[in-house]
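Below is one structure, written out as structure tokens; comments come after it.
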Amino acid sequence: MTTDLDAYWMPFTANRQFKKAPRLLSKASGMHFWTPEGREVLDGIAGLWCVNAGHARPKIVEAIRAQALELDFAPPFNMAHPKAFELAERLVELTPAGLNKVFYTNSGSESVDTALKMAIAYHRARGEGSRTRLIGRERGYHGVNFGGISVGGMVANRKMFGSLLTGVDHIRHTHDPARNAFSIGQPQHGAELADDLERLVALHDASTIAAVIVEPVAGSTGVLLPPQGYLERLRAICDKHGILLIFD
Ligand SMILES: Cc1ncc(COP(=O)(O)O)c(C=O)c1O
């Protein structure tokens, strides 16, 4: 058990404050963590929304063990492991028709930057190389890489890092407590906020815009459900102008 907490520079954490009064978790099972002192803590957010099947599930533990024993790593460049294809096929069966290719990444941040790159490259490959602009949304969170913070809309994540990617603009966010404070499910007001994209098309011209990226349900500046009709309208405006719509 480490006693000096100095060397680990923690992400999204006030390091000096944390290290004065550390909250360490050293064990987990089912839906609980345990602190090093043995206090049981309910894991109300399933890790960071990534342990939804529960901690230390014997079936999962055994599968990880068996795989490490059989083959722990195979390079994915010009070589491959058969199970990577098998997983891709199974994912394609689960996703809606038309979503039929899988590209693996190591994180959400890497996924976002990959998707933005794919959008620009896609247009260029089709002979529309002028479509390089990327449109994000205020209050959006798309990870920590340069692409993601550029299209993201969280000020604290952006302000320290200079001019970020060029050619990025943002539509307005949909958080509207004045009209939607007491909504159940998707809020009633705000579909018209999608029209903000038309304003940016008028400003930049559609021929310069590669993609719009939004979180269908935003999760990092409050969990914000899309207003009724908003995503449908965004989809229609993107289709009208040949802009790709990326759901993160
Ligand atoms: C919508 C969205 N995009 C991207 C990310 C970044 O994912 P990661 O932390 O795996 O890099 C997150 C993470 O919470 C997210 O909520």
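For region 225-244, give me the residue count where each residue is among the hydrophobic types (A, V, I, L, M, F, W, C) and open to solvent by less than 40 Å² (accessible area, probe 1.4 Å).
5
Return the pair list, or none, for Cβ contacts closer than 8 Å from residues in region 91-110 that are under 17 Å from ASP248 (Cβ atoms) to residues that are open to solvent by less than 100 Å² (accessible area, probe 1.4 Å) and acidic (Asp, Glu), at least 6 apart or on different chains.
GLY108/ASP248
Those residues that are part of a loop (DSSP other than H, G, I, E, B) and polar (S, T, N, Q), I need them from region 29-83; list them, please.
Within region 29-83, THR35, ASN52, ASN78 qualify.
Output the residues belonging to region 19-69 that are of a type in the set (Val, Ile, Thr), under 25 Å from ALA84 (Cβ atoms) and open to solvent by 60 Å² or more (accessible area, probe 1.4 Å).
Answer for region 19-69, where residues must be of a type in the set (Val, Ile, Thr), under 25 Å from ALA84 (Cβ atoms) and open to solvent by 60 Å² or more (accessible area, probe 1.4 Å): ILE60, VAL61, ILE64.
Looking only at residues in region 99-115 that are open to solvent by 60 Å² or more (accessible area, probe 1.4 Å) and away from the ligand (no atom under 16 Å from the Cβ), which one is farthest from VAL151 (Cα to Cα)?
Looking at residues that are open to solvent by 60 Å² or more (accessible area, probe 1.4 Å) and away from the ligand (no atom under 16 Å from the Cβ), I get ASN100.
From the list GLN186, GLN228, which residue is more than 16 Å from the ligand (Cβ to nearest atom), modelled with pLDDT of 95 or more, over 30 Å from GLY127 (Cα atoms) and more than 21 Å from the chain's Cα centre (by Cα)?
GLN228
Count, please, the residues in region 189-224 that happen to be open to solvent by 70 Å² or more (accessible area, probe 1.4 Å) and within 16 Å of the ligand (Cβ to nearest atom).
Total meeting the criteria: 2.
Out of (1) open to solvent by 40 Å² or more (accessible area, probe 1.4 Å); (2) assigned to a helix (DSSP H, G or I); (3) not assigned by TED's automatic domain parsing to the domain that holds SER29, what's the single condition that is false for PRO96?
Result: PRO96 passes all but (2).
Which of the following residues is in contact (Cβ under 8 Å) with a residue 40 or more places away in the chain and within 18 Å of the chain's Cα centre (by Cα): HIS173, HIS204?
Selected residue: HIS173, the only one of HIS173, HIS204 that is in contact (Cβ under 8 Å) with a residue 40 or more places away in the chain and within 18 Å of the chain's Cα centre (by Cα).
Collect the residues in region 1-18 that are exposed (fewer than 10 other Cβ atoms within 10 Å of the Cβ) and more than 27 Å from the chain's Cα centre (by Cα), keeping them in residue-number order.
Within region 1-18, MET1, THR2, THR3, ASP4, ASP6, ALA7, ARG16, GLN17 qualify.
Taking the residues in region 137-188 that are assigned to a helix (DSSP H, G or I) and open to solvent by 40 Å² or more (accessible area, probe 1.4 Å) as candidates, determine which candidate is nearest to VAL223 (Cα to Cα).
The residue in question is PRO177.
The values are calculated or read from the model by the stated rules, or taken from the named source; none is laboratory data. Since we're looking at a predicted model, the values are computed, not measured. Note: ideal-geometry Cβ built from the backbone for every residue, glycine included; neighbour counts use all protein chains shown. With ligands, DNA and RNA removed, areas are computed over all heavy atoms of the protein, side chains included. Shrake-Rupley method; radii C 1.70, N 1.55, O 1.52, S 1.80 Å.
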